[in-house]
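Heads up, the thing below is written out as C-alpha cells.
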Amino acid sequence: MNEEPLTYRVWKTVLRGLTRTWAGGDQHERLNRIDWDVLLMFDACRRDTLQQATDWPINACTSPATTTDEWLAAAANSRILEGATVASANSIYAEHDLGLRELHRLWETEWVDRLGNVPPEPVLARIDEFVANDHTPAVGHIGPPHAPYIARVGGEWLPIFPEITEWQWDPSREEFDQLSQQAAMATGVVDLDRAVYGYQASVRSVWEVSKEYVARWARRGLTVVVTADHGETFGRMRDFWLVEHPSRCYVPPLTRVPFAVFADGERRGTAPETAEETLKSLGYTE
C-alpha cells in the first residue's frame, strides 16, 4: 500500500520523456524584471483554483518545476532569491545555496503535528516583521495548499483527512510506516473527489488569511508578488491522469501557476497633475 501502482509509475516515466522539452518556463525571468519587495509562495497552488477563490484577476506564468526541490534548484541557478530574507514552512530551503540574507526555519518552530503542516499565519507574521524593519526583499513560503490539505473552519485550521494518520509527516515514525502523499492518492487511500474539494477549501483559506497582509504591504508602497512553485493534480483527464505533483512531469496543471502583482500605483508613480494628463493616462488622448 505504500507504493504507487506499477501502471501509474510507468505512465509517469512516459510523461517525463514526452514533456522534458517543456521544462523551463517564464516565471523566474518575470520575477527578475520586477523590482519586487515581497514574494509570497503558495506551495502547490494552481492558478485556476486561486482564481476561483478571488474576484481579483490572477495572471498565470509557467514555473520551471513540478516540485519545490526542482524550483529551488532553478532559483539557485537564476539567483532570483539572492539577498532575500526568507521565512519558510518548507525545510527544503536549507538544502540549496540560494544566496539568502537570512533563512527563518519556521518548519522547526511552527510545525503543528495534528495538521501535518505549518499554518500560513506564522509565515505572514514573520514577513510583516521583515517589512516593518525594512528587511526587503522578503520571501514567505507558505505550506498550504500543499498536502496534507488543511483549511479554516471559522477561525480554526482543521485537516481535511484527519483519519489518514499515515499521511501526516512525522519525523519520529519509522520510514516503512510513512505513506507518501502521492502514493496515498494513487492507491485510493485518499478519495480524489474529496481531495479536490479539500484542496479548493485550502486555497480559499490561504488566500483569505493572506489578502489583508498583501493589501497592507501594498499600501505601504511595496510591490508584492503572489505565485507558486508548482501546481497539483487529482487523477482527472485534464490532469493527464496524474496525482499530487510528480517530479519532472512538465504538464500545464503542474507548471501553470499564479502570478499576481499587487502595488499601490499612487505611491509608486506620479499622479497626473492636470485634467489633460488624467485623460491621457486613461488613454482618451494622444
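The values are calculated or read from the model by the stated rules, or taken from the named source; none is laboratory data. The structure presented is a predicted model; accordingly, all values stated were derived computationally and were not measured. Reconstructed Cβ throughout: ideal geometry from the backbone, glycine too, with neighbour counts over all protein chains shown. All accessible areas refer to the heavy atoms of the entire protein, side chains included, with ligands and DNA or RNA removed. Shrake-Rupley method; radii C 1.70, N 1.55, O 1.52, S 1.80 Å.
So here's what we get for this one:
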item	result
Filter result for the condition that a residue is closer than 24 Å to Trp241 by Cβ and not acidic (Asp, Glu), over Cys45, Cys61	Cys45
Test: residue in the range 41-56 that is polar (S, T, N, Q), closer than 21 Å to Val118 by Cβ and free of Cβ contacts under 8 Å to residues at least 60 places away in the same chain	no
Failed item, numbered, when Ser91 is tested on (1) of a type in the set (Ser, Thr, Tyr); (2) in contact (Cβ under 8 Å) with a residue 24 or more places away in the chain; (3) over 25 Å from Asn32 (Cβ atoms)	(2)
Index of the failed condition, Val86 passing every other in (1) at pLDDT 95 or above; (2) open to solvent by 30 Å² or more (accessible area, probe 1.4 Å); (3) closer than 19 Å to Thr223 by Cβ	(2)
Any hit, the range 139-147, residues being at negative phi, touching a Cys at 6+ places or on another chain (Cβ under 8 Å) and in a loop (DSSP other than H, G, I, E, B)	yes
All strands (runs of 3 or more DSSP E) inside the range 56-123 with 1 or more residues being within 14 Å of His230 (Cα to Cα)	60-62
Of residues in the range 249-271 being assigned to a loop (DSSP other than H, G, I, E, B) and modelled with pLDDT of 95 or more, the one farthest from Ile34 (Cα to Cα)	Cys249
Residues that are open to solvent by less than 20 Å² (accessible area, probe 1.4 Å), within 30 Å of Ala125 (Cβ to Cβ) and touching a Cys at 6+ places or on another chain (Cβ under 7 Å), drawn from the range 1-46	Gln27
Residue list for the range 90-142, filter: small (Gly, Ala, Ser), in contact with a Leu (Cβ under 9 Å, 6 or more places away or on another chain) and under 29 Å from Gly155 (Cβ atoms)	Ala138, Gly140
